[in-house]
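Beneath this line is the structure, given in structure tokens, with notes to follow.
The values are calculated or read from the model by the stated rules, or taken from the named source; none is laboratory data. All values derive from a computational prediction rather than experimental measurement. With ideal geometry, Cβ positions are generated from the backbone for all residues, glycine too; neighbour counts draw on all protein chains shown.
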Amino acid sequence: MGCGSCSTGGGCTPNGCKSNGSCGTGGCQTMEVHDWLSNLDMPSNYKPFQVTEIKFKGSRKEFFLNNDNIYLEIGELVAVEGPTGGFDVGHVSLTGELVRIQMKRRKTSLDQVTKKIYRKATEADVEKWNAAKEMEWETMHKARKLALDLRLQMKISDVDYQADKTKATFFYTADGRVDFRELIKKMAESFRIRIEMRQIGMRQEAGRLGGIGSCGRELCCSTWLTNFKTVSTAAARYQNLSLNTLKLAGQCGKLKCCLNYELDTYLDALKDIPDRIENLDTEAGYARHQKTDIFKKIMWFSYQGDENWIPVAAARVKEIMVMNKAGKKAPNLKEEAIQVAAPVVVEKSFDYENVVGQDSLTRLDERSRGKNNNQNRNNNQKNNRNNNQNRRDRVPAGEKNVAPNAKPQQGPRPQQAGPKPAQGNAKPQQSGPKQQQANAPKPQNGPRPQQAQKPIVKAEGETGAEGIKTEQNKNKNRNNRRKNNNRRKNNNGSDNKPAAE
């Protein structure tokens, strides 16, 4: 992260912490150290420590002498002496007595600090420094192309220009030693600067480039981790983690550094658990070990052919192992099983105050549900009317078969608004004699008489069920066309609706 996370607009002084270098996001200074002595009053005869810690690109920090006693604050840009002459520009990362402690931690004596601070960076120094930083990206890509042309087994990951553009340091990673003498010659001819090649490891490369880990946070190596300890797969075994390299590896391709964070706690807890767990010999047979809860000190065993796992205390397992070594069999583990409390799921109750005066939180859902029900009911009524119309139109008016229990007509049928659409696919005339049935009056009391079956009407050239299926398909297509016409009329805002029958 850079200063952009503190809304500085690309500057180097964080707005949130008022230039004291203690921004809440921690993004202005990578691997920063909090100056807890900054607000304390020093004695009157106190002489400030002359060594100042300066931070450069990436995580590189060096110590410089402040012989001129320039008043410096954390986060300021200063011009310092370069490693091979010239000058460089960096940020002040630490001042005062804490620098003495940092030098002791890094085992750096005061005699080893020879380079000094020239001045606070001027506008001309900052312009040269920004121009040098803009050249790094293009220089890195050109150097990668030269390395590919020479077929060198190396990867150039970063370039660091000195502020006066007299020297460039190339950081690269490789599996072994690389003969890059020819590469340096070509780069010197192309860039016209002094070149330094520095090989770094995969972890150092990830620390310089930065990134987001699988935990969702920034990489530890690019924020606060200063030294890299060896990480082995034994750390994953002690913590009962799956030995899946895809899950255990970090952005650098190596094992994650965080595997060592809780390793000491697991090692202390494993002292009370048997190291080599063998099958336990019991009266019910051999019990096989399945899993272990390290912190609860519970071990699960199962018998052959039994899918149930039996929880046993780790102390009792040690006793059973001693009995087995003495040639004795332990009782059935089901008698030794302990009660494991099931996890209790606590339901969270959210208290809220009805400040709006609306009791139901789902009132909008109920309203929309009621609208949908009314719309579905109207659609069903329209479909029923269309189906009745289709049944009447299927047989000509003069040739309809009247059922014995048919209802008498209730007066003349009202005319529909608008012209009646023409019906296509007219049904052919029926063949054979027509059977006329007398209209029977509907009984008022008593059971309803059984309705006579409607005779099957066959079209010419069709017999049996095939004719019925053809008529059904025609009626279905006709109904669909009418439904589509009604929907178009409703969508277009037409007031012509079919009259109720």
**OP:** Enumerate the pairs (first residue in the range 288-311 and closer than 14 Å to N332 by Cα; second residue anywhere and buried (at least 17 other Cβ atoms within 10 Å of the Cβ) and basic (K, R)) with beta-carbon separation below 6 Å, excluding pairs fewer than 6 apart on the same chain, so at least 6 apart or on different chains.
**Re:** none
Subject >> Those residues of the range 229-247 which are surrounded by 11 or more Cβ atoms within 10 Å (Cβ to Cβ), under 20 Å from I294 (Cα atoms) and within 22 Å of the chain's Cα centre (by Cα), in sequence order >> reply: L241
Subject >> Answer from G90, G75 - the residue that is surrounded by 15 or more Cβ atoms within 10 Å (Cβ to Cβ) and either closer than 30 Å to I195 by Cβ or hydrophobic (A, V, I, L, M, F, W, C) (or both) >> reply: G90
Original post:
Out of curiosity, is V78 in a strand (DSSP E or B) and not assigned by TED's automatic domain parsing to the domain that holds R203?
Top reply: yes
**OP:** Give the residue that is modelled with the lowest pLDDT, with candidates limited to residues of the range 68-90 that are in contact with a Gly (Cβ under 6 Å, 6 or more places away or on another chain) and not hydrophobic (A, V, I, L, M, F, W, C).
**Re:** G75
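Residues are listed down the side, and each one gets a yes or a no for (1) of a type outside the set (D, E); (2) at pLDDT 90 or above; (3) surrounded by 10 or more Cβ atoms within 10 Å (Cβ to Cβ):
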| position | (1), (2), (3) |
| --- | --- |
| E97 | no, no, yes |
| S109 | yes, yes, no |
| T114 | yes, yes, no |
| R119 | yes, yes, yes |
| E123 | no, yes, no |
| K128 | yes, yes, yes |
| T139 | yes, yes, yes |
Subject >> Index of the failed condition, R177 passing every other in (1) without any contact (Cβ under 8 Å) to a residue 12 or more places away in the chain; (2) in a helix (DSSP H, G or I) >> reply: (2)
Original post:
Does V113 count as without any contact (Cβ under 8 Å) to a residue 24 or more places away in the chain and in contact with a helix residue (DSSP H, G or I) (Cβ under 9 Å, 6 or more places away or on another chain)?
Top reply: no
Subject >> Single residue of the range 314-335 satisfying the filter (hydrophobic (A, V, I, L, M, F, W, C) and surrounded by 15 or more Cβ atoms within 10 Å (Cβ to Cβ)) that is farthest from the chain's Cα centre (by Cα) >> reply: M323
Subject >> Residue that is nearest to T84 (Cα to Cα), among those in the range 152-174 that are part of a loop (DSSP other than H, G, I, E, B) and more than 42 Å from the chain's Cα centre (by Cα) >> reply: T166
Original post:
Are there any strands (runs of 3 or more DSSP E) wholly within the range 199-312 with 2 or more residues that are touching a Lys or Arg at 6+ places or on another chain (Cβ under 7 Å), more than 29 Å from V178 (Cα to Cα) and not assigned by TED's automatic domain parsing to the domain that holds K57, and if so which?
Top reply: 280-282, 298-303
Original post:
Just one of Y172, Y238, Y261 is free of Cβ contacts under 8 Å to residues at least 24 places away in the same chain and aromatic (F, W, Y); which is it?
Top reply: Y261
